[in-house]
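**Student:** If you scroll down you'll find the structure; I have some questions about it.
The values are calculated or read from the model by the stated rules, or taken from the named source; none is laboratory data. Note that the coordinates shown come from a computational prediction; the quantities given were computed from them, not determined experimentally. Because the Cβ atoms are built from the backbone with ideal geometry, glycine has one as well, and the counts that use them run over all protein chains shown. Areas reflect the complete protein model, heavy atoms only, side chains present, ligands, DNA and RNA absent. Shrake-Rupley method; radii C 1.70, N 1.55, O 1.52, S 1.80 Å.
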Amino acid sequence: MRVQVRLLLAAALAVVALLIPVATSAATTSAASLTSPYGCSWLAYSDPNVFNFAFPDQNATYWATVLPNIPTAGLTITGSYPDARYFSFIAYDPLLRPVGGLHDSQITPSTGVNPYVYGRSGTGTYTIHILPEDAPAKPAANTIYTGQMYGGEPNPGGIVLYRLYVPTDSISPTGGVDLPQISYSLDGLTETLPPCTTVAGLPEIDLNSIFTDSNYPSVLDPIALGATATPTWAKSFGYSSVFASVSPSLEPLAPGGGAYLSNPDNNYIGAAIDHKYGNLVVFRARMPRFPDTTAGEPPWQPGQQVRYWSICENEKFTTRYVGCIADYQAVLRKGIATFVISDPDARPANAYPADGINWLPWGDYPDGLIIYRQMLAASSFKQAVARITQGEALAPTMGAYLPQIGYCSKAEFEKAGANGCLGSFAPKHRRR
């Protein structure tokens, strides 16, 4: 079964890879031919069982379309502002590195208001343009320029991701509005792509439940790759940092920097874990304030330190998430969140929300990668991950917001909780 799952995951990567040849194909001469061979707008979307790769967030939905390699051709996206925590459009080069983007509050409305701008409420519509050319000295409003790849070379095309985090109505992943409409223009001709009614995918197997409900086989000997006896947090600065060191399979995909389908509005720290050192991981930290849009607060809620934060447990080889806990889902005690990661059989009896504990499944893997995201940190949030520069230690900046982390046993945790595993919560660096 384990081999079959790996093959299915590899097939999922291949399905998405099929988008790239369209973006990098030879130039054509009519707008009508731009739709070939797919003929519709958003060609792929995220799914925990199929398109779950590149370290996604479980509380976000992602849609993808191609960015054609056609000189002077433009891509226009029109839509209504969704009712959600956050949305954005990010363009990526063929090596899946970000080359430009816009997030919600940066998009000027065509009609109505932008409810993501401080002090605004209501609804509105927008139009953005994605142009395959270099950005001018004074970029136009609502325009993404994709003329250069991440490293500055001419960009032969790529993909565009539409992200939407935490829709207010969890039943509507699009935030209560239709998906944005996509049009291509060339030589004065414009064609609007119809919605995609089907998306090429894999057999409908509930893969994620297989991982979250499974225990790591004790007959296998874990091999630590990138993990240490005491888990260590590191900030991601692209392929040269934590994600490349713990996921070598990703490095050849985008040599020279960049971050694999990353969101430039997020900053990440990660910690590699491995069953070789223990079967239960405990960590805790003071967590930043956020706008709880699920409770009716606006995305620009005064006093917020970040727009969004989450903790995810991921598998390093396939880069899929096993499970995530978002800010609004987490249990906090006096501003402190405590997390436990283990197999279901190793879950302590006192590791439940009623005990003030946030539990995540490890997944049936020998290793794992914990990712802590912070999105759009406020300038007043001095302990934000965004403030850490490459080569700088995390603790002096993050203080109490840097999670204390360590391995533990089920018996130890059941006896004394997080204090029995980590000691009392007393960060060395005071909050600034």
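**Student:** Residues in segment 384-398 that are touching a residue at least 24 places away in the same chain (Cβ under 8 Å) and surrounded by fewer than 22 Cβ atoms within 10 Å (Cβ to Cβ): how many?
**Tutor:** 7
**Student:** Continuing with the same structure: Within segment 165-172, is even one residue of a type in the set (D, E, K, R), at pLDDT below 85 and part of a loop (DSSP other than H, G, I, E, B)?
**Tutor:** No - not one qualifying residue is present in segment 165-172.
**Student:** Out of segment 120-131, which residues are open to solvent by 50 Å² or more (accessible area, probe 1.4 Å) and assigned to a loop (DSSP other than H, G, I, E, B)?
**Tutor:** Selection gives ARG120, SER121, THR123.
**Student:** Output yes when any residue across segment 300-315 is more than 19 Å from ALA377 (Cα to Cα) and open to solvent by 20 Å² or more (accessible area, probe 1.4 Å), and no when none is.
**Tutor:** No.
**Student:** Continuing with this model, one more query. Give segment 363-383 a look and list any residue that's open to solvent by 10 Å² or more (accessible area, probe 1.4 Å) and closer than 19 Å to ILE273 by Cβ, or say none.
**Tutor:** ASP364, PRO366, ASP367
**Student:** Among the residues of segment 291-301, is there at least one that is among the hydrophobic types (A, V, I, L, M, F, W, C) and within 26 Å of PHE237 (Cα to Cα)?
**Tutor:** No: zero hits.
**Student:** Being aromatic (Phe, Trp, Tyr) and part of a strand (DSSP E or B): is that true of TYR62 here?
**Tutor:** Yes.
**Student:** Return the pair list, or none, for Cβ contacts closer than 6 Å from residues in segment 328-342 that are in contact (Cβ under 8 Å) with a residue 12 or more places away in the chain to residues that are of a type in the set (Ser, Thr, Tyr), at least 6 apart or on different chains.
**Tutor:** TYR328/THR294
**Student:** Give me the pairs: first residue in segment 410-432 and at pLDDT 90 or above, second residue among the charged types (D, E, K, R) and surrounded by 15 or more Cβ atoms within 10 Å (Cβ to Cβ), beta-carbon distance under 8 Å, and six or more apart or on different chains, which are they?
**Tutor:** LYS410/ARG347; GLY417/ASP355; ALA418/ARG284; GLY420/GLU412; CYS421/GLU412; LEU422/ARG284
**Student:** Follow-up. Exactly one condition in (1) under 22 Å from ALA229 (Cβ atoms); (2) open to solvent by 30 Å² or more (accessible area, probe 1.4 Å) is false for ARG333; which is it?
**Tutor:** (1)
**Student:** Another question about this same structure. Checking MET149 against (1) farther than 20 Å from THR78 by Cα; (2) buried (at least 17 other Cβ atoms within 10 Å of the Cβ); (3) touching a residue at least 60 places away in the same chain (Cβ under 8 Å), which single condition isn't satisfied?
**Tutor:** (3)
**Student:** Go through segment 219-238 and count every residue that is at pLDDT 50 or above and part of a loop (DSSP other than H, G, I, E, B).
**Tutor:** 12
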